[in-house]
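These notes are about the structure you will find just below.
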């Protein structure tokens with residue numbers, strides 16, 4: 001594609017992306033594994049200048065709405081996040097008394113070998129199919145954020161989005177969540193606080 005035909009992505013571009021675990025393995029079923037992701041997102045926020053507008057961690061995938069520093073595309077964040085979290089997830093799995101531990105670690109190792117990777121384990125699938133969301137359209141952003149937050153409802157895990165701990169829905173309901181997200185405020189949208197902060 002000629003340079004003049006490339007789309008111009010605004011510097012304040014937001015991206016919706018989904019990071020999937022290899023073979024759709026339900027890794028994130030224990031609090032220790034889930035906490036790795038929350039801590040890692042906070043690490044990237046504080047050290048890499050990534051802005052997280054929304055997130056939701058399900059058992060085999062992570063949904064994100066982010067803005068990268070300097071308007072860079074999401075590929076660099078995705079690469080670094082996967083590289084950073086893989087050994088942390090492996091360490092957490094090794095420390096837990098999980099009957100699936102050997103099976104999961106073997107799957108991650110086999111997947112890495114199939115890709116001929118240097119790394120011993122490969123936790124995440126390669127493709128996330130990031131979707132650019134125009135940051136100047138808060139309605140569109142909120143629509144996608146609501147979609148992210150409704151994942152646990154669609155899986156019938158909770159009755160209300162903000163009841164799910166490993167999601168930014170709590171922040172959008174006025175309850176401090178696990179990740180230092182930047183809540184998007186849209187004029188005319190009021191979000192009822194249905195859970196107490198206590």
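The values are calculated or read from the model by the stated rules, or taken from the named source; none is laboratory data. Predicted model only: the values in this text are computed from it and were never measured. Note: ideal-geometry Cβ built from the backbone for every residue, glycine included; neighbour counts use all protein chains shown.
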Could you tell me which numbered condition residue 115 fails, if it satisfies all but one of (1) surrounded by fewer than 14 Cβ atoms within 10 Å (Cβ to Cβ); (2) modelled with pLDDT of 80 or more? (2)
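Residue by residue through the stretch 20-36, note down the ones that are touching a helix residue (DSSP H, G or I) at 6+ places or on another chain (Cβ under 7 Å) and within 13 Å of residue 64 (Cβ to Cβ). Show your work before the answer.
If we filter the stretch 20-36 for residues that are touching a helix residue (DSSP H, G or I) at 6+ places or on another chain (Cβ under 7 Å), which is where we start, we get 22-23, 25, 27-28, 32-33, 36.
Of everything in the stretch 20-36, nothing turns out to be touching a helix residue (DSSP H, G or I) at 6+ places or on another chain (Cβ under 7 Å) and within 13 Å of residue 64 (Cβ to Cβ).
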For the stretch 1-30, pairs from a residue that is at negative phi and surrounded by fewer than 12 Cβ atoms within 10 Å (Cβ to Cβ) to a residue that is at pLDDT below 75 and assigned to a loop (DSSP other than H, G, I, E, B), with Cβ under 8 Å and 6 or more apart or across chains, are 10/135; 12/135
Failed item in (1) under 13 Å from residue 180 (Cα atoms); (2) assigned to a helix (DSSP H, G or I), with residue 66 passing the rest: (2)
Could you check the stretch 92-110 and list, in sequence order, the residues that are surrounded by fewer than 12 Cβ atoms within 10 Å (Cβ to Cβ) and in a helix (DSSP H, G or I)? 94, 95, 102, 103, 106
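What residue, among those in the stretch 61-81 that are in contact with a strand residue (DSSP E or B) (Cβ under 9 Å, 6 or more places away or on another chain) and surrounded by fewer than 17 Cβ atoms within 10 Å (Cβ to Cβ), is modelled with the lowest pLDDT? I'd like the intermediate steps shown before the answer.
Restricting attention to the stretch 61-81, the residues satisfying the condition of being in contact with a strand residue (DSSP E or B) (Cβ under 9 Å, 6 or more places away or on another chain) are 61-69, 73-74, 77-78, 81.
If we keep only those that are surrounded by fewer than 17 Cβ atoms within 10 Å (Cβ to Cβ) as well, we get 69, 73.
Numbers: 69: 82, 73: 75.
My answer is 73.
How about the stretch 21-42: which of its residues are under 13 Å from the mean Cα position of the chain (by Cα) and over 16 Å from residue 166 (Cα atoms)? If you could, list the steps in order and put the result at the bottom.
Step one: list which residues in the stretch 21-42 are under 13 Å from the mean Cα position of the chain (by Cα), which gives 21, 28, 34-42.
Across the stretch 21-42, the qualifying residue is only 21.
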What number of residues within the stretch 118-166 satisfy the criterion of being closer than 20 Å to residue 39 by Cβ, at pLDDT 95 or above and touching a helix residue (DSSP H, G or I) at 6+ places or on another chain (Cβ under 6 Å)? 2
